[in-house]
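One structure is given below, encoded as structure tokens.
Please treat every number below as a calculation from the coordinates, not as lab data. Treat the numbers as computed from the prediction; the structure is a model and nothing was measured. Using ideal geometry, Cβ is built from the backbone for each residue, glycine included, and neighbour counts are taken over all protein chains shown.
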Amino acid sequence: MVRSISELKNLSGARVLVRLDLNVPIQNGGVEDPYRIERALPTVKYLLDHGARVVLMSHMSDKMGTLQPVYAYLKTKIHVSFVDDISGTKAREEAGKLGNGTALLLQNIRRDAREEANDEGFARELASLADIYVNDAFPVSHRAHASVVGVSKLLPSYAGFQLVAEVEGLSPALSPESPSLAIVGGAKLVTKVKLIDTLLSKYDYVFVGGAIVNDFYRAKGYEVGKSLVSGADHAKPMLTNSKIILPNELIVLNPAGSHETVATEVGTEDVIIDISPTAIQKLAPIVAKSKSILWNGPMGNFEKGFRSGTDDLAKLIAGSSAKSVVGGGDTLSSIQSLNLMDKFSFVSTAGGAMLDFLANGTLPGIEALKNSK
Ligand code: 3PG
């Protein structure tokens, strides 16, 4: 396992560089959902309470996006300032002015192209801001970027509390107790092939929902109309595996603009938008008997508002007595809006990183911490 910041006792005056994932949804210039920020705060508060001088860095997926709204939120919680710079003169000056128990938030680290290129010179510039590095950014730890893996080669490195919680919370899903059910939704089957193969080797049942169902339907030779298809060739070899469960019925949007429930008879102009309530009902007995349930990804086109399959599934799992591990942005949004957060054994803050962790048992950011001196 990695070293946690709880091992760091003598922090008064220490300069600590902390990688967080503050990549949160922004709406009308404000933070729309602070969940990830809230989960990152215990680490920052721990460091500040022990008198450290803390430099915070994060990305936004939008490379030109600003962390200003995140700063506006953060400053209501901790003693923090903001600099519209990353590793240049302004950032160095502001970091140099930090007093004990105060923090500085740098601008969106992806504004510098050297971040994603894992440029060594950039990692050196970042590392020069501190004496100790902390990674508490599990949701981006599947990216071998400069602030995730590069800096940990240069500074003594530690894991933040949320990163440790994610590893501990997700690890039981790597060896589930039988009977076990994994549910994979969302889109882009191509990016989930290794994960589904791993799940098929460990779980008793693997239920497939979301747009990846389209690939399975196409692989079976069914019509999918105008629905998104990304990797039917990858679905084909999985079809023979008896552990795979597909929804028995889907909801489609027809050219007249109305919704219809269909089994396999998707029209050539239809778009598959969700799984039907009967598909959830059919899954209910398996959920009821399962001891371990893992779920990531929406069952329908959640972003466009087709969320009833996802919400129904959330309610079903929330009512079960299984150990349940869930994650992914839309999944989280569903269970938050239904007020079901405390009904799951573990709710991950991550999307893609959760999938990679489950597929590989580790992430580049975690390995970098393990290899750090
Ligand atoms: C996420 O939201 O999944 C993480 O912040 C990673 O973001 P990214 O996909 O832009 O690297």
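The distance from the alpha carbon centre of the stretch 61-80 to that of the stretch 255-293 is 39 Å, rounded to a whole number.
Counting only Cβ charges, +1 for Lys and Arg and -1 for Asp and Glu, the dipole size of the stretch 5-162 around its Cα centre is about 260 debye. Amide H contacts for Val55 (H built 1.01 Å from N in the peptide plane; partners 5 or more residues away or on another chain; cut-off under 5 Å): Val16, Leu17, Val18, Leu104. When +1 charges are put on Lys and Arg Cβ atoms and -1 charges on Asp and Glu Cβ atoms, the dipole computed for the chain relative to its Cα centre reaches about 900 debye. Mind scanning Lys192/Lys304; Lys77/Lys343; Lys202/Lys282; Lys9/Lys63; Lys9/Lys153 and naming the pairs with a C-alpha gap bigger than 25 Å? Checking Cα-Cα distances, Lys77/Lys343; Lys9/Lys63 exceed 25 Å.
Divided by 2.2 N^0.38 Å, where N counts the residues, the Cα radius of gyration of the stretch 151-218 comes to 1.48. Need one number: the % of Cα-Cα pairs in the stretch 175-337 sitting beyond the 20 Å mark. Considering the stretch 175-337, 46 percent of its Cα-Cα pairs are separated by more than 20 Å. Only beta bridges with both residues in the stretch 16-132 are counted; by DSSP, about 15 percent of them are antiparallel. Considering only the Cα atoms of the stretch 98-211, their convex hull presents on average a projected area of 9.7 nm². When Rg and the Kirkwood radius Rh are both evaluated on Cα atoms of the chain, their ratio Rg/Rh stands at 1.02.
Computed from backbone phi with θ = phi - 60° and the Karplus coefficients 6.51, -1.76 and 1.60, the 3J(HN,Hα) list for the stretch 8-25 is 8, 9, 9, 9, 4, x, 5, 8, 10, 9, 10, 8, 10, 10, 9, 7, 10, x Hz; x is used for glycine and proline. Taking amide H positions as modeled 1.01 Å from N, with prolines and chain starts lacking one, the residues under 5 Å from Ile183 and 5 or more places away or on another chain are Phe207, Leu294, Trp295, Asn296.
Within the shell defined by Cβ-Cβ distances under 12 Å, the residues around Ser290 carry a net charge of +1, with Lys and Arg each +1 and Asp and Glu each -1. Put a plus charge on the Cβ of each Lys and Arg, a minus charge on the Cβ of each Asp and Glu, and nothing anywhere else: the dipole of the stretch 181-223 about its Cα centre is then about 120 debye.
Under 1.5 on a/c is rounded, so check that first for the stretch 5-162, then, if it is not, pick prolate when a/b is larger than b/c and oblate when it is not; a ≥ b ≥ c are the square roots of the alpha carbon gyration tensor eigenvalues. Taking the square roots of the gyration eigenvalues as a ≥ b ≥ c, the stretch 5-162 is rounded.
Equivalent-ellipsoid semi-axes for the stretch 309-370 (Cα gyration tensor, √(5λ), whole Å, largest first): 25, 12, 9.
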